[in-house]
Amino acid sequence: MRQRRLMNQINVVPYIDVMLVLLIIFMVATPMMQTSSVNLPSVAKAPTPPAKAIEVRLNEDLTLVFQDRASKAPERTVNRDELVAALQDAQARNPEQPVLIAADKKVRYESVMDLMDLLQRNQVQKVGLLVQSGKK
């Protein structure tokens, strides 16, 4: 009977094959990846909001306050359905009238995006965000 010798070598050929396949996959996939840049508005250069805009304020407790600056009506607390109806009515009278969303600093970004999505789904045009100018 023959005695087996201990083998103290590692066969690395399968690892090299796997590495080369992964390298080829990354080389092919990398040019297809799209990168995007986000241009965030600078609050130091915030434009003055138009005087005749409709302002929708989103408070910290997620209540909505509607104010039409053009009609100089007092602001009122509304729910989402009343807000959509009021905005559609105001934009039916004046389609060029912008809508500005003023969210409290402590409101989650998701809540602001939900409100913007609601307005977009209901064909409310010219929606923007109201920011406060900072001191620089």
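The values are calculated or read from the model by the stated rules, or taken from the named source; none is laboratory data. None of these values were measured; they are calculated from a predicted model. Neighbour counts run over all protein chains shown; Cβ positions are idealised from the backbone, glycine included.
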Hits in segment 117-132 (condition: within 15 Å of Glu55 (Cβ to Cβ) and assigned to a loop (DSSP other than H, G, I, E, B)): Val124, Lys126, Leu130, Val131, Gln132
Only listed residue being at pLDDT 85 or above and touching a Lys or Arg at 6+ places or on another chain (Cβ under 9 Å), chosen from Val28, Val65, Val13: Val65
Segment 58-101, residues that are among the charged types (D, E, K, R) and touching an Asp or Glu at 6+ places or on another chain (Cβ under 7 Å): Glu60, Arg69
Segment 88-117: number of residues that are loosely packed, with under 15 Cβ neighbours inside 10 Å and of a type in the set (A, V, I, L, M, F, W, C): 2
Positions within segment 57-76 being surrounded by 15 or more Cβ atoms within 10 Å (Cβ to Cβ) and among the polar types (S, T, N, Q), in sequence order: Gln67
Members of segment 77-87 found to be closer than 15 Å to Ile101 by Cα and either surrounded by 13 or more Cβ atoms within 10 Å (Cβ to Cβ) or touching a helix residue (DSSP H, G or I) at 6+ places or on another chain (Cβ under 7 Å) (or both), listed by number: Val78, Arg80, Leu83, Val84, Ala86, Leu87
